[in-house]
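One structure below.
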Amino acid sequence: MRIKPCELKDANGFIESLHRHHKKVQGHRFSISAFKGELCVGVACIGRPVARMTDHRKVLEVTRLCTDGTKNACSFLYSAAARIGKEMGYEKIQTFILESESGVSLLASGWVKGPISGGGTWSRHSRGREDKAPLERKVRYEKHLNGTP
């Protein structure tokens with residue numbers, strides 16, 4: 001496999017056709033794709049952290065990662081995203097996965113399991129919202145890019 005840069009439009013097209021539970025992303029810092037021969041087997045969109053209190057000048061977040069099921073494509077993309085983030089001068093990269101997902105690709109890429117967070121609806125009595133993402137709790141995984149936590 002090899003990594004290639006990827007335009008957001010192309011990454012979103014791949015995500016919309018194959019992602020199990022998320023739609024396209026609105027923006028990104030950069031996106032990458034994994035190719036096996038001439039076939040794109042996966043994409044990752046890396047952007048600012050979703051949580052507003054996380055320092056977006058030091059931390060990147062993988063906001064979407066989607067593959068066609070090719071063996072090792074997920075860990076290949078997570079590793080590449082971390083390497084690129086380190087080269088760009090970021091201190092940490094993180095992502096969130098559903099609590100029901102194993103995280104084996106992240107662990108294989110040297111990421112560390114963090115706390116469980118979130119879950120539930122964004123809708124409130126005073127401000128109704130349509131839930132578009134799963135309501136399941138999420139697990140944060142992160143990788144420190146400068147070698148220290």
*asked:* If I go through the range 88-115 residue by residue, how many of them are farther than 15 Å from Ile46 by Cβ and either modelled with pLDDT under 85 or in a loop (DSSP other than H, G, I, E, B) (or both)?
replied: 7
*Got a number for residues in the range 44-75 being in contact with a strand residue (DSSP E or B) (Cβ under 6 Å, 6 or more places away or on another chain) and closer than 21 Å to Arg140 by Cβ?*
15
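I'd like the full set of residues that are small (Gly, Ala, Ser) and free of Cβ contacts under 8 Å to residues at least 24 places away in the same chain, limited to the range 44-56.
Selection gives Gly47, Ala51.
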*If you check Glu101 against the conditions, is it among the acidic types (Asp, Glu) and within 12 Å of Tyr141 (Cβ to Cβ)?*
yes
_Going by what's in this entry, would Ser79 be described as in contact with a helix residue (DSSP H, G or I) (Cβ under 6 Å, 6 or more places away or on another chain), in contact (Cβ under 8 Å) with a residue 24 or more places away in the chain, surrounded by fewer than 22 Cβ atoms within 10 Å (Cβ to Cβ) and not in a strand (DSSP E or B)?_
no
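Is at least one residue of the range 123-136 surrounded by fewer than 20 Cβ atoms within 10 Å (Cβ to Cβ), touching a strand residue (DSSP E or B) at 6+ places or on another chain (Cβ under 8 Å) and either on the phi > 0 side of the Ramachandran plot or at pLDDT below 95 (or both)?
Looking through the range 123-136, at least one residue is surrounded by fewer than 20 Cβ atoms within 10 Å (Cβ to Cβ), touching a strand residue (DSSP E or B) at 6+ places or on another chain (Cβ under 8 Å) and either on the phi > 0 side of the Ramachandran plot or at pLDDT below 95 (or both).
Per-residue answers, yes or no, for (1) more than 23 Å from Ser117 (Cβ to Cβ); (2) in contact (Cβ under 8 Å) with a residue 40 or more places away in the chain:
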residue: Leu8; (1), (2): yes, no
residue: Glu16; (1), (2): yes, no
residue: Lys23; (1), (2): no, yes
residue: Ala34; (1), (2): yes, yes
residue: Leu39; (1), (2): yes, no
residue: Gly42; (1), (2): yes, no
residue: Lys58; (1), (2): no, no
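Taking into account only those residues within the range 53-76 that are among the hydrophobic types (A, V, I, L, M, F, W, C) and out of contact with any Pro (no Cβ under 8 Å at 6 or more places or on another chain), which is surrounded by the fewest Cβ atoms within 10 Å (Cβ to Cβ)?
This residue is Met53.
The values are calculated or read from the model by the stated rules, or taken from the named source; none is laboratory data. On a predicted model such as this, the values are computed, not experimentally measured, just so you know. Quick reminder, even Gly has a Cβ in these numbers, built from the backbone with ideal geometry, and neighbours come from all protein chains shown.
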